[in-house]
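Everything below concerns the one structure shown next.
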Amino acid sequence: MTTKVRLTAAERGVEVLEAAVQAFGASGYEGTKTDEIARLAGVSQPYVIRLFGTKQQLFLAAVQSVCDRIEQIFREAAEESPELRTLGHNYERLLAEPELLLVLLHGFSASRDPAIGDAVRERFGRIYSLVRELTGASPTEAREFLATGMLLTVMSAMQVIGPDAASLPWAEELTSTLGDAK
């Protein structure tokens, strides 16, 4: 007989947030129901609401979590070598977690909602500033770096790069032009 280990509210909150990233990545803000997140996390829907308040607050927590992960990956890269190239190589770690990039894209598209838009703009600005701070990149270099990252993010969403990517000549050609940028 196995005994079930009881999780703390904080541990359960982490599980719910991970489920939210999966669900929002798959269906977006509008297309995701808190019932679905609760089911993925193995908790009740009222418990999800008790932990996060509203679906919007849960979505914002998911976006914050994704941005925290991006910043963490960039900081780890900069410890190795504070260059844009190193940050770009570490971006490949994000390509292995496509749900993170999808949540980011859904955050951009849900930015018409004032609360979501304010949070997404603030976090994207922080990522921009972090890239400049870690690497000493000029505004133009940081823009080019982020533009390449957005291209990779969109290509990941289209599943033409990353895990289980469709092999398409145009995507392979485009990716080959990135060289050290990817």
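The values are calculated or read from the model by the stated rules, or taken from the named source; none is laboratory data. Note that this is a predicted model, so its numbers are computed, not measured. Neighbour counts are summed over all protein chains in view; Cβ atoms, including those assigned to glycine, are modelled from backbone coordinates with ideal geometry. With ligands, DNA and RNA removed, areas are computed over all heavy atoms of the protein, side chains included. Shrake-Rupley method; radii C 1.70, N 1.55, O 1.52, S 1.80 Å.
Using all alpha carbons of the stretch 103-182, what is the percent of pairwise distances in each 10 Å bin, ordered from the shortest bin to the longest?
Whole-percent P(r) values from 0 Å outward: 17, 39, 33, 11, 0.
Could you size up the charge dipole of the stretch 1-80 around its Cα centre, putting +1 on the beta carbon of Lys and Arg and -1 on that of Asp and Glu, and report it in debye to the nearest 20?
Working: 9 positive and 11 negative charges, 110 e Å.
That gives the stretch 1-80 a dipole magnitude of about 520 debye.
Between S81 and Q45, what is 0.36 nm times their sequence separation minus the Cα-Cα distance? Round to one decimal in nm.
8.5 nm
Which one of V160, G53, S65 is farthest out on the positive end of the charge dipole of the chain, using unit charges on Cβ (Lys, Arg +1; Asp, Glu -1) and the Cα centre as origin?
G53
Between H89 and T54, what is the FRET efficiency for a Förster distance of 41 Å, r being their Cβ-Cβ separation, to the nearest 0.05? Please report the intermediate quantities before stating the final value.
Numbers: r = 38 Å, r/R0 = 0.93.
Efficiency, from the Cβ-Cβ distance: 0.60.
Between L174 and E133, what length comes free when the chain is fully extended (0.36 nm per residue of separation minus the Cα-Cα distance, one decimal in nm)? Display every interim value, and only then the final one.
On the way: separation 41, 0.36 × 41 = 14.76 nm, distance 2.89 nm.
Length gained between L174 and E133: 11.9 nm.
Which distance in nm do the two modelled labels at R112 and A9 give, with both placed 7 Å along the Cα-to-Cβ direction?
3.6
Pick from P169, P98, P139: which is most flexible by mean-square fluctuation in a GNM of the chain where alpha carbon atoms under 10 Å apart are linked?
P169
Report, by chain and number, residues whose modeled amide H sits under 5 Å from the one on V43, excluding near sequence neighbours (fewer than 5 apart, same chain).
Amide H neighbours of V43, under 5 Å, 5+ apart: none.
Expressed in whole Å with the largest first, what are the equivalent ellipsoid semi-axes of the stretch 43-137 derived from the C-alpha gyration tensor as the square root of 5 times each eigenvalue? It would help to have the intermediate numbers written out before the result.
Working: eigenvalues 159, 44, 23 Å².
Those come to 28, 15, 11 Å.
Can you work out ³J(HN,Hα) from phi for every residue in the stretch 12-28, in order, using Karplus 6.51 cos²θ - 1.76 cosθ + 1.60 and θ = phi - 60°, giving whole Hz and x for Gly and Pro?
5, x, 5, 4, 5, 5, 4, 5, 5, 4, 4, 5, 5, x, 7, 10, x
Heavy atoms only, probe 1.4 Å: what % of the accessible area of the chain goes to carbon and sulfur, would you let me know?
Numbers: 5330 of 10000 Å².
Whole-percent figure for carbon plus sulfur exposure: 53.
Between E18 and R143, how many nm apart are label points set 7 Å from Cα along the C-beta direction?
If labels sit at E18 and R143, their model points lie 4.0 nm apart.
Write down the accessible area per residue of the chain in Å², having rolled a 1.4 Å probe over the full set of protein chains.
Details: 10000 Å² over 182 residues.
On a per-residue basis, 55 Å².
For a protection proxy built on the mean count of beta-carbon atoms within 10 angstrom, sort 70-81, 10-21 highest first, please. Could you put the intermediate results ahead of the total?
Working: 70-81: 16.2, 10-21: 17.8.
Most protected by this proxy first, the peptides run 10-21, 70-81.
When only C-alpha pairs under 8 Å and at least 6 residues apart count, what is the relative contact order of the stretch 3-56, in percent? Please list the in-between numbers first.
Values: 33 pairs, mean separation 15.9, N = 54.
The normalised contact order for the stretch 3-56 reaches 29 percent.
Can you work out ³J(HN,Hα) from phi for every residue in the stretch 139-144, in order, using Karplus 6.51 cos²θ - 1.76 cosθ + 1.60 and θ = phi - 60°, giving whole Hz and x for Gly and Pro?
x, 5, 5, 5, 4, 5
If the viscosity is 1.306 mPa s and the temperature 10 °C, what translational diffusion coefficient in µm²/s does Stokes-Einstein give for the chain when Rh comes from Kirkwood over Cα pairs?
Details: Rh = 17.5 Å.
This corresponds to a translational diffusion coefficient of 91 µm²/s.
Nearest 500 deg cm²/dmol is fine: what mean residue ellipticity at 222 nm does the chain get from its DSSP H runs of n ≥ 4 alone, each adding -39,500 (n - 2.57), divided by its residue count?
About -25000 deg cm²/dmol.
Relative contact order of the chain: what whole-number percent is it, with Cα pairs under 8 angstrom and at least 6 residues apart? Show your work: numbers first, answer last.
Details: 179 pairs, mean separation 38.6, N = 182.
Relative contact order comes out at 21 percent.
Go through the stretch 121-127 residue by residue and turn each phi into a ³J(HN,Hα) via Karplus (6.51, -1.76, 1.60, θ = phi - 60°); whole Hz please, and just put x for glycine and proline.
Karplus-based 3J(HN,Hα) across the stretch 121-127 equals 5, 5, 6, 5, x, 5, 5 Hz.
Which value, in debye to the nearest 20, describes the size of the charge dipole of the stretch 1-134 about its Cα centre when Lys and Arg Cβ atoms bear +1, Asp and Glu Cβ atoms bear -1, and nothing else is charged? Intermediate values should be presented prior to the final figure.
Values: 16 positive and 19 negative charges, 88 e Å.
The calculated dipole for the stretch 1-134 is roughly 420 debye.
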